[in-house]
Amino acid sequence: MMAAGPTATARPEGPHIGAARTSGFGTGPLSRAAALVHTLLTVEALLLLAAFPSLAGLLLLGPDPTNLPLAALCLLPLGPALSAALYALHHRSRDLTELHPARAYLRGWRLNAVPALTLWAPMLAWLTVIAFTLTHFPATGLPGWWALLLGVIGTGSLLWGAHALVLTSLFAFRARDTARLAAHFLFRHGRATLAAASLLVLTAASGALLTEALPALLAAPLLLSLLHGSRTVIGETRKDFTT
C-alpha cells in the first residue's frame, strides 16, 4: 500500500444501473447471456459513434509517419469514449429486465470526459514523441539500443495508460492521484498488468494480421476483458483509497 495514498469516491452508478433482481424473469443463465450480448452491442455502437471523429480522421490521414502529430489530435475523442464504455460495462446489469446500457454510457461520458482527457492528452503527446523518434530513428544519430529502450518505455506507457483509464473511469480521483496510482499498480499487480499487455498484443496483432477495423469492432469485448483483468486493481482501490 502507498504510504500516503489519495482518497476519493467511486463514480456513482445512477438510478437503476447495475441493479439485479434476485428472483423472477430475467435472472436465468440465458437471460444473463442475452443481457450481456445486448449490453456489449449497445456499448459498442455508442463507442463507435463517440469515436467516429477519431476513426474518420485516421482514415483520411493514412499511414505516413509524418502524420503522427495529426493522428494524435484525431485520437483525442477516443479517450472519453473508451472511459464511458468502461463505466457502462462495469455498471452493467445481469438482469434482462433491468438493462440501461445507453443511459450508463451517456452518464459515464458526462462524468469522465474531462478527467479522462486530462490524462489521455498528455499520454498521446508522449507516445507521439516516442513513435516519431522511432520512425525517424536513423536521422537521430542515436545508438541502436536507444530504439529498444524507447520501445520498452512506450510499452510501459501504454500499460500505465490502461490502468489509468480504468481508474479514472470508475473513481473520482484528481488527475495526479490517478497517475500515481496507475504507476503504483503497474508493478504491484503484475497479473493485471500482464492481462493488459496480452490485450494490447491481441489488439495489435488482429489489426496488423487481419484488418485495422477489427480492434474497433471488438472494442466492447476487449474493454470488458480489461475490466476482468483489473479486478484486483479495482478491489484494492475501492478498499484502500476510497471513502
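Using the beta-carbon distance between L76 and T97 and R0 = 25 Å, what value does 1/(1 + (r/R0)^6) give for FRET efficiency, to the nearest 0.05? Spell out each step's value before the answer.
Details: r = 38 Å, r/R0 = 1.51.
The value I calculate is 0.10.
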Whole-number D in µm² s⁻¹ for the range 29-240, Kirkwood Cα-pair radius fed into Stokes-Einstein, 10 °C, 1.306 mPa s: 88 µm²/s
Degrees, to the nearest 10: 219-229 long Cα axis against longest axis of the chain: 80 degrees
Cα-centre dipole for the chain with unit charges at Cβ (Lys and Arg positive, Asp and Glu negative), debye to 20: 680 debye
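Could you tell me whether the range 180-243 comes out rounded, prolate or oblate from its Cα gyration tensor? Rule is a ≥ b ≥ c as square roots of the eigenvalues, rounded for a/c under 1.5, then prolate if a/b exceeds b/c, otherwise oblate.
Details: a/c = 3.39, a/b = 2.26, b/c = 1.50.
Prolate shape, in that a/c is at least 1.5 and a/b is the bigger ratio.
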Virtual spin-label span in nm between A56 and L134, 7 Å along Cα→Cβ: 3.0 nm
Computed label-point distance, nm, for sites T211 and R32 using a 7 Å Cα→Cβ extension: 3.3 nm
Binned Cα-Cα distance frequencies in the range 115-238 - 5 Å width, integer %: 2, 10, 18, 19, 21, 15, 9, 4, 1, 0
With Cα atoms, 0 to 90° folded angle of helix 52-61 axis to the chain main axis: 20 degrees
Cα gyration tensor category, rounded, prolate or oblate, for the range 100-146 with a/c compared to 1.5: prolate
Among L78, P115, L61 - extreme Cα towards positive end, dipole of the chain, charges at beta-carbon: P115
Amide H partners (placed H, <5 Å) of T242, local residues excluded: A8
Added length on full extension, which subtracts the Cα-Cα distance from 0.36 nm per residue, W145 to K239: 29.7 nm
Built amide H within the under 5 Å cut-off of F171, gap 5+: R11
Computed FRET value (nearest 0.05) for R231 with T66, which takes r as the C-beta separation and R₀ as 41 Å: 0.50
Inter-site label distance for V114 and V201 at 7 Å from Cα along Cβ, in nm: 4.0 nm
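At R0 = 35 Å, how high is the FRET efficiency between S157 and A45 if r is their beta carbon distance? Nearest 0.05 is fine. Working shown, then result.
Values: r = 30 Å, r/R0 = 0.84.
Computed FRET efficiency for S157 and A45 comes out at 0.75.
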Stretchable slack from R191 to W126, in nm (0.36 nm times residue separation minus alpha-carbon distance): 20.9 nm
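We did not get these values from a lab; they are worked out from the coordinates using the rules stated. Given the structure is predicted, the values throughout are model-derived calculations rather than measurements. Reconstructed Cβ throughout: ideal geometry from the backbone, glycine too, with neighbour counts over all protein chains shown.
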